[in-house]
Amino acid sequence: MNCSLKLHLKKLGLAALCTIPAHAFAQETPAPEAAPAEAEVAPAPVATPAPVVVATKPAVTSKWDSTFYGFIEADTIYDSTQGYSDAPGNSLIPAFTTFAGQKPKLQFSVRNSRIGYKIAAPEISGLKISGIAEMDFLGNQPADSSLSLTTTGVDAKGNPATDKGTISQSESSIWNNPAFRARHLVMKVENPYVDLWFGQTWDLFGGQSVVHPASVFIQGLPGQVYGRTAQIRLLHTFKTDAVNVEVAVAAARAPQSLAAMPDLQAALKVQLNGWKGVHTNGSTGTGYDPLTVSVSGIYRTLDLSTDPTATARTTNGWGLSVDAFLPILRGTPEDRSNALAITASYVMGAGIADQYSGMKTGVGAPSGVTIDGNLATNDSSKNPTAVKLTSMLFGLQYYLPFAQGKWWVAGNFSTWGSDNAKDLVVANGGKAGTALKSGQFLSGALFFDPTPAFRVGAEFAQTKTTLGDDTSNANNRFQFSAFYLF
């Protein structure tokens, strides 16, 4: 609308018309005719995108972690008799009246060398998954039935006596080609509430392995509970700044699978976090451990049945173990000088010979029964009876007050025995002089760490076993070992 028209309308009182848009007066002032245009196509409606749902991922608080570890061990071992292999174990010492009881034995071995691999998955929502694969070379090659052994000695009257037997492997296969053997193959599922372990690892029974003593010798020592087996374990650790309390139970592989029952094991372990000390566990594992007290138990079923249609003839095996690691003078991880610690163990039970390394009591398996010896047999009334055992082991380790404790000494004393092995042997037609009555072990060792990766040690020990007829036999052992730790 032009300015003159707006002014004229205002004079006529029609000012409201001034607000009409200019295109409303098109008929008064027609616009020039435009060329016809193409029809305008309306744009297609734009689809509203659906909301994107992002899955919530569990919180990952760590990365994959792995550790390769182990050691190379070279042993030189001298024994005054021929009753032991590289690991002393709990065998009966040969009588002095036999060839094996009179002649010495010298062994060179690398069989206790070890490699291991630890791997841990990333922690997800508080769940930790880890595993350990640890192997050594203490396994045995397949038996060779073509080999035989004949030894000649003298009897108690000085007359010639011959012992005949068989050996399952040649010495070359035993010492130069040792078999790879599983020590630990275990997976762990850990969370804030309860931890689950599946696989082969230390038995709960015996407080293993935090209370093991120091020794150059290959463990288990005479009189020492020492073993690993396949198991399913549940445990929980109640943690505070001052003390940790671990409660654990396990269903473990039993020594007699035909009994169709697992071993039941349980343990209560208390550790004082504010009281730690230097501790060499075995020959290579030196650490800084808290004062520890453990109480553990084992229960099992042993089946001596021979008739599948008759009532099962079973007896129960059981054991109780009290174990401790006690730092007296603590030292530090950086300077072990003047550190002093004690290890102690007391065990009692029946039908638990397999919880010791190579325990021999003289009690054999009943005829027609598939069960390892030294566990159970029939008594004089033909009742199934478990072989009783008791043992005590005390160890001491002292780190000399110079060179940051890189030199240290260790000593161990143990005693073990059976109250009923003699009666069970005699009840089954054997002689009292073949049954274990008691045993004693006393050792002293010296260690030196020239570098953190290299260790040497030497140990001397005397072991004595007393039989059911009160005769005793002794073995003296000296061992020198070198270790490369990685």
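Throughout, read-outs are computed from the coordinates displayed, never taken from laboratory work. This is a predicted model, so every value here is computed, not measured. Heads up, the Cβs are rebuilt from the backbone with ideal geometry, glycines too, and the neighbour counts pull from every protein chain shown.
Miscellaneous remarks
- Exceedance of the 28 Å cut-off in Cα-Cα distance is limited, within the set Lys269/Lys437; Lys103/Lys388; Lys188/Lys276; Lys382/Lys464; Lys118/Lys360, to Lys269/Lys437; Lys103/Lys388; Lys382/Lys464; Lys118/Lys360.
- Counting neighbouring Cβ atoms within 10 Å and putting the fewest first, the residues Trp318, Trp416, Trp64 line up as Trp64, Trp318, Trp416.
- When each of Ser172, Ser438 is scored by the number of other beta-carbon atoms lying within 10 Å, the sequence from fewest to most is Ser172, Ser438.
- Extending 7 Å from Cα along the Cβ direction at Asn177 and again at Ser367 yields two label points whose distance is 3.9 nm.
- Modelled spin labels at Ala74 and Phe478, positioned 7 Å past Cα toward Cβ, are 1.9 nm from each other.
- Highest-first arrangement of 248-258, 417-427, where packing means the average Cβ count within 10 Å: 417-427, 248-258
- Filtered trypsin sites (Lys or Arg not before Pro), the stretch 375-413: DSSP coil and at most 16 other beta carbons within 10 Å: Lys382
- Note on Ser380/Phe448: beta-carbon distance plugged into 1/(1 + (r/R0)^6) with R0 of 60 Å gives a FRET efficiency of 0.65.
- Ranked list, fewest to most other Cβ atoms within 10 Å of each Cβ, for Thr286, Thr97, Thr370: Thr370, Thr97, Thr286
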